[in-house]
Amino acid sequence: MKNKIKDFDLNDLAYLNKRNLNRWRLILGSFVENNLKIDGEYFEIDETLNFLYDREYSENSGYSLNSLNDLNNSNSNERKFGKEKSALTVPKWISKVKKLFPKETVEIMQNQALEKYKLTEILTDENILKEIEPNIELLKNILAFKDTMSGNVKKLAYEIVKKTVEEIKKKMEIEIKKVFYGKKLPNSTAVNKIFKNLDIKKTVRHNLKNYNYKDKKFFADKLYFNQNIKKYNPYNIIILIDESGSMLDSVIYSSIMASIFTNLPYMSVKLIIFDVSVVDLSEYIREPVDILFKVQLGGGTDIAQALEYAKKITVAPDKTIVLLISDLFDSNDYKLMYKSASDIIENGSKLFVLTALDYNTNISYDKEAAKYFSKIGAKVGALTPNKLSKWISESIS
């Protein structure tokens, strides 16, 4: 019995050592292949990793695979699995990555291929886009490169963005509705049980079991009424989104959030994007994907002009929240920006200034400008969407 246990332990140890050596070989890469051989079963994984990560040793990095392998002082022709140029192409690489790695790893490698190694072919080849795993980082890259896409590729990219946005929206919608429907709100959809609100169709449908065929009479043991959903003096939310490149995450979440807000019966929502000009996209508010494809990232920023537009479309200041989403780095005179902001607050509207709106709330913003906005009475912060919902619900309750 002891010998069997000993044999098992030794075999098991040998297996673990072999597996660990292969893992180290995958980590260290192909330039150690002469000193640390890889088993054939791991070759496909090694080839797939090398296709991407050998780019670390490109000519631009100051190192090369050849110079690193010279340290081994061996003949490359004798290698079983040498570093000769990979037969992989980007489309083949995408397929192999999906086959060999779990979903989370696939997303990481795709994102690194785009952001670190600039394999923009991923975004311009229709066949590759069909294979790629949709996620928020891919969405951001598509928006950054959408103007370089051809017709068919752009249509496919649109569908990928739409799918990703819908997934994000489902998650956000649950959070936001939990905030708003968890408390009594003004102008809510409370049922008023009067005859004019009687829902005849629903009442009949739910009481069909009570129909007496013999007497041809219908008895209703329960009446159903429509909710009082009249929008009486709803709150007006004016969302101003800075479309500079650093605000991309906030642009995505703001657009989705606006589409959710517009379905709440006690809110009237306007959505405006701006750089050095102002574009009112309120007519597209129910379709955040259309908004995202109209965004032009980069360029200057004229915040004062956006705030002035908000003033212009405000009809009931005491029932208006102006939501400025910007890093506050203005290309023009800050005094004009501060003057417009002060006017909004003095007129009776609430001004929220968000330096970031996303789930990471990674922020880079003009801290002095943020201090000034806070000083004049604006609420300033970097928030996740659900925390912004709490802010707004507390303001209108």
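Please list, ordered by residue number, the helices (runs of 4 or more DSSP H) wholly in the range 45-121 having 2 or more residues that are surrounded by 15 or more Cβ atoms within 10 Å (Cβ to Cβ) and at pLDDT 75 or above.
Passing ranges, in order: 90-100, 103-115.
Filtered by the rule that a residue be under 25 Å from residue 391 (Cβ atoms), modelled with pLDDT under 85 and open to solvent by 60 Å² or more (accessible area, probe 1.4 Å), the range 145-191 gives 177, 178, 181, 182, 183, 184. Scanning the range 361-378 for residues that are open to solvent by 70 Å² or more (accessible area, probe 1.4 Å) and within 18 Å of residue 391 (Cα to Cα) returns no hits. Considered as a group, the residues in the range 273-285 that are in contact with a helix residue (DSSP H, G or I) (Cβ under 6 Å, 6 or more places away or on another chain) and open to solvent by less than 20 Å² (accessible area, probe 1.4 Å) include one that is farthest from residue 172 (Cα to Cα), and that residue is 274.
Is it the case that the range 350-359 has a residue that's out of contact with any Lys or Arg (no Cβ under 9 Å at 6 or more places or on another chain) and assigned to a loop (DSSP other than H, G, I, E, B)? The answer is yes; a qualifying residue exists. The set of residues in the range 248-300 that are out of contact with any strand residue (DSSP E or B) (no Cβ under 8 Å at 6 or more places or on another chain), closer than 17 Å to residue 358 by Cβ and not in a helix (DSSP H, G or I) contains only 297.
The values are calculated or read from the model by the stated rules, or taken from the named source; none is laboratory data. Model, not experiment: these values are computed from the prediction. Cβ atoms come from the backbone with ideal geometry, glycine included; neighbour counts cover every protein chain shown. Quick note on the areas: whole protein, heavy atoms, side chains included, nothing else; ligands and nucleic acids left out. Shrake-Rupley method; radii C 1.70, N 1.55, O 1.52, S 1.80 Å.
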